[in-house]
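Comments concern the structure below.
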Amino acid sequence: MAKPSKGRKSGLPSRETLAAFIRDNPERATKRDIAKAFDLKGENRIVLKHLLREMQDEGVFEKRGKRLAVPGDLPSVTVLEITGRDRDGGLLASPVNWDSDDPRPVVCIAIPKNPRAKVVIPGVGDRVLTRISRNDEGFSGRVIKRLEKPKGRTLAVLHATKSGAYRLLPVDRRDEEFELEEQELNAASVGDLVEIDVQKSGRYGLKRAKIVSNVGSLASEKAVSMIAIHAHEIPHVFPDQVIAEAEAVAAPSLAPNREDWRDKPLITIDPADAKDHDDAVYAEPDLNPDNAGGHIVYVAIADVAQFVLPESALDREALRRSNSVYFPDRVVPMLPERISNDLCSLKENEDRAAMAVRMVYGADGNKLSHTFHRVLMRSHAKLAYEQAQAAIDSEIDGSTKPILDMVLKPLWNAYRALKQARQRRAPLELDLPERRIKLDGEGKVDRIVIPPRLDAHKLIEEFMIQANVAAAETLERERQMLIYRVHDQPSLAKQEALREFLKTLDMSLARGAQMRPSMFNTILDNVRDTENADLVNTVVLRSQSQAEYSPENYGHFGLNLQRYAHFTSPIRRYADLVVHRALISALSLGNDGLPEDTHLAGLRSVSEQISANERRASNAERDTVDRLIALHLSGRVGEGFGGRVSGVTKTGLFVQLSEYGTDGFIPASTLGDDYFEYVEGAHALVGRSSNLGYQLGDTVEVQLAEVIGYAGSMRFEMLSEPSEMDLGTRSRHQLKSKGRGSAKRASGRPPKKRHVNRRKRSA
């Protein structure tokens, strides 16, 4: 039977007809519905199935359950949440359930003008069942009914009005403020962060809420991170049973299944302010004459499995948290301090239990062999990255002088060899600076720094990657189930979007070939040290899939590795603890490995949980940074700042401030007198009349117009003039087509004012 690409059967609809049907009939877009609509039977149904799969892979549409949908489209009737108002007071909403990787669409809620109509008037935060229609401006919706908001608690700040009334200002930017009476304060004071229950309220006036608990004063240095902890429901208080188990564990000793490595001069190299040290390294020349110029690298990792046994209270709590969460002012650890900061911290000159790997490399950096060992070790030095790098660069201090020749130089010699192999492997090499917030003594933002990227950082990173690879290889060889760290290649739809964008810069991305990281690296090399470097790095990053955990292996695209598992940080990642237990079981290193009843379905469930909690932690960390910087800038409304366009949507621009690394929003309706349209392929907003606009990556000057500090939200006004847009043939055609269609439909009337979504999107 011929495949669709070879031609199609008589009576089979064209690709254009199929796409139009799916777009116009969102509720009748299953394969069965489509076959029935076009009266397809027998062999034609099989050809239809292949054609739909081909179109789905190309990103023409996507699958949502059994239904097919145009990317970014909405069903004709759906549940929305009212998220805010536009500049004219109109209501804006977004779908509650959204499975696509695309940003959630914004729906303008239409209110009938007939005064006799029975109108359901929702408020911000309400959920509504809505009938959706699409027009040239985007989506509009007519409310069918208002739905009961799911019961739950939220966080708010207690404040008082000039008249003496009390109000609760939610930290969730989607909510409006609430009112409460003085007798309902529940011992809270003005300025306190409180947990509230939203109460039923009437149709008019402010909603009411009840204070459930007092989190604490916002004047305290930990208040901002506490907002994220509560908002994202991150467990941060260890149950008594967990603490009791942690306090009861004994210090490690030399057991029958544990080798004595205390004489090996392993050292730790960490950030200067690190409170725990979970990995130690050492390297030496390989004296085997068959491996001239080779190296032996040792990586020792804290043996958490000895202290956290399967099905214990410690284990259950570690899985519930899944990872440690890092805020500028605190860490919410996965394990109690007795474990993470004491017994499993590889402290200098103290005996510590470890899982270690010994790896042998040739002079070219290729690995020849590796073995795993359960050991008792002793760290011979505790160094900061900058300290170790300075010693190699001939700035020696009292800690580095005794170990320079015996430890540090052999480490760097081994790294130089491994670096050759890394360059041949060609992992994805994005160049995006990492900013860090430095707080003052009161927990407020002092400054934003971009730490230098030293060879000391790269050395530890590469040694950890090699240890992770060795763990995955060993467990596969032993046919032992494990949890992989996997990273899929970019989807076909994202590849095509990147390809269209690169055309606007007269660059190309091969089509049809098996995607490899080196193809992206070539693109990044071509723009290095040019004005487009940041722009292209950002777009390439956004084209990538998200890494996750899985018991099924499909490789790590970004690192360009076939087998990869997290092994090197079990005090802060539950996945690593599972891998340690798997190694113990596979290599008969003790009786505290994986439980005998471990099965694939169980590991799949654990993988899904820890992947979700990893995303939760990332969102909480990002929200905290946004809030800290918004609070820091709250007194500077009206000032100008330099920035770069970090996101482009139909409703406006996101601009990242160069100094602070955080985003604010500029509504499209405030950009100027021209009517700005979204050109998707070019990531640009372009004036219909002038062909002037703004593009992702543009360097701009903005003015801070509004700050909602505890929501982490900022609104800017554009100061920079738009630039002439060179969009490429396809994007220019897209803009002209929109202009012709809009003008025809408008019948000469001015375009309808664009509604604006004021919510800040996470980058």
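Just a few scattered comments:
- Peptides ranked, highest mean first, by Cβ atoms within 10 Å: ranges 490-502, 377-389: 377-389, 490-502
- Between Q241 and N349, residue separation times 0.36 nm minus the direct Cα-Cα distance comes to 35.8 nm.
- Cα gyration tensor shape of segment 594-729, rounded if a/c is under 1.5, else prolate or oblate by comparing a/b with b/c: oblate
- Computed over protein heavy atoms with a 1.4 Å probe, the carbon and sulfur contribution to the accessible area of the chain reaches 46%.
- Radius 13 Å from Cβ of S720, net charge of other residues (Lys, Arg +1; Asp, Glu -1): -3
- In this simple spin-label approximation, A165 and R479 carry label points 7 Å from Cα along the Cα→Cβ vector, and these lie 7.3 nm apart.
- Solvent-accessible surface of the chain, averaged per residue with a 1.4 angstrom probe and all protein chains in place: 48 square angstrom.
- Environment charge at R378 (Cβ cut-off 12 Å; Lys +1, Arg +1, Asp -1, Glu -1): 0
- With a cut-off of 15 Å between beta carbons, the residues surrounding A292 carry a summed charge of -4, where Lys and Arg count +1 and Asp and Glu -1.
- Span-like helix check, the chain: qualifying full DSSP H segments, with Cα axial length of 20 Å or more and mean Kyte-Doolittle of -0.5 or more, are 455-477, 600-633.
- With the highest mean first, a sort of the peptides 586-596, 603-613 on other beta-carbon atoms found within 10 angstrom per residue produces 603-613, 586-596.
- Extension gain, S213 back to D39 (0.36 nm per residue minus Cα-Cα distance, nm): 56.5 nm
- Contour minus Cα-Cα distance for S690 and Q562 (0.36 nm per residue): 41.1 nm
- Computed from the Cβ-Cβ distance with R0 of 41 Å, the FRET efficiency linking N257 to A601 stands at 0.85.
- Cβ-derived FRET efficiency at R0 22 Å, L430 paired with E531, nearest 0.05: 0.80
- In the list [x] -0.81; [y] -0.67; [z] -0.74, the label attached to log10 I(q)/I(0) by the Debye sum over Cα atoms at q = 0.08 Å⁻¹ as derived from the coordinates here is [x].
- Protection-proxy order for peptides 623-630, 574-581, 701-708, each taking the mean of Cβ atoms within 10 Å per residue, highest first: 574-581, 623-630, 701-708
- Distance between modelled label sites at N186 and S545, nm, 7 Å Cα→Cβ extension: 4.5
- Spin-label model, E395/E311: points 7 Å from Cα along the beta carbon direction are separated by 5.5 nm.
- Estimated from helices alone, the mean residue ellipticity of the chain at 222 nm is -8500 deg cm²/dmol (sum of -39500 (n - 2.57) over DSSP H runs with n ≥ 4, per residue).
The values are calculated or read from the model by the stated rules, or taken from the named source; none is laboratory data. Worth saying up front: this structure is predicted, and the values here are computed from it rather than measured. Here Cβ is always computed from backbone atoms with ideal geometry, including for glycine, and neighbour counts include all displayed protein chains. Accessible surface areas use protein heavy atoms only, side chains included; no ligands, DNA or RNA. Shrake-Rupley method; radii C 1.70, N 1.55, O 1.52, S 1.80 Å.
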